[in-house]
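The values are calculated or read from the model by the stated rules, or taken from the named source; none is laboratory data. Here the structure is a predicted model, which is why all the values come from computation and not from measurement. Glycine gets a Cβ as well: all are built from the backbone with ideal geometry, and neighbour counts include every protein chain shown.
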Amino acid sequence: MLQLYDLAGIYFRAFYAVPASMTGPHGAPVNAIRGSLDILARVIADARPARGVACLDVDWRPAWRVELLPSYKAHRVAVTEPAAPPRRERHGRRPGFRGGGAIRAGRRGRTG
């Protein structure tokens, strides 16, 4: 069985489902990442697909859709403030970034 994962939907849902007080070793919030991985691990463990494809639409509000329907995702548009530059650790790495690694679902939906 092939299973498709809507990463934008999973990420959005996880961001609000897991408390922002959950932080990584350097104090940055990891609620959306942790929640997304937990959801994926559970779905994979329950369905046990032969293959999986993670789908992500990075153009979340494409111009051609807005042209057809001006209200398309208009409720999700937020006023943005200038973002602070990302903090860097030694060697130019982002805080908390470990690089590489695989995600595997265990029998009870845990990652490890």
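Structural remarks
- Out of Pro62, Pro49, Pro29, one residue alone is of a type outside the set (A, V, I, L, M, F, W, C) and in contact (Cβ under 8 Å) with a residue 24 or more places away in the chain. It is Pro49.
Per-residue answers, yes or no, for (1) in contact with a Ser or Thr (Cβ under 8 Å, 6 or more places away or on another chain); (2) in a strand (DSSP E or B); (3) at pLDDT 90 or above:
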position	(1), (2), (3)
Tyr5	no, yes, yes
Ile10	yes, no, yes
Leu37	yes, no, yes
Ala102	no, no, no
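- Candidates are the residues of the range 49-98 that are among the hydroxyl-bearing types (Ser, Thr, Tyr) and at pLDDT 80 or above; the one that is surrounded by the most Cβ atoms within 10 Å (Cβ to Cβ) is Tyr72.
- Within the range 12-35, the residues that satisfy the criterion of being outside any loop (DSSP other than H, G, I, E, B) and either closer than 23 Å to Lys73 by Cβ or of a type in the set (Val, Ile, Thr) (or both) are Phe12, Arg13, Ala14, Phe15, Tyr16, Ala17, Thr23, Asn31, Ala32, Ile33, Gly35.
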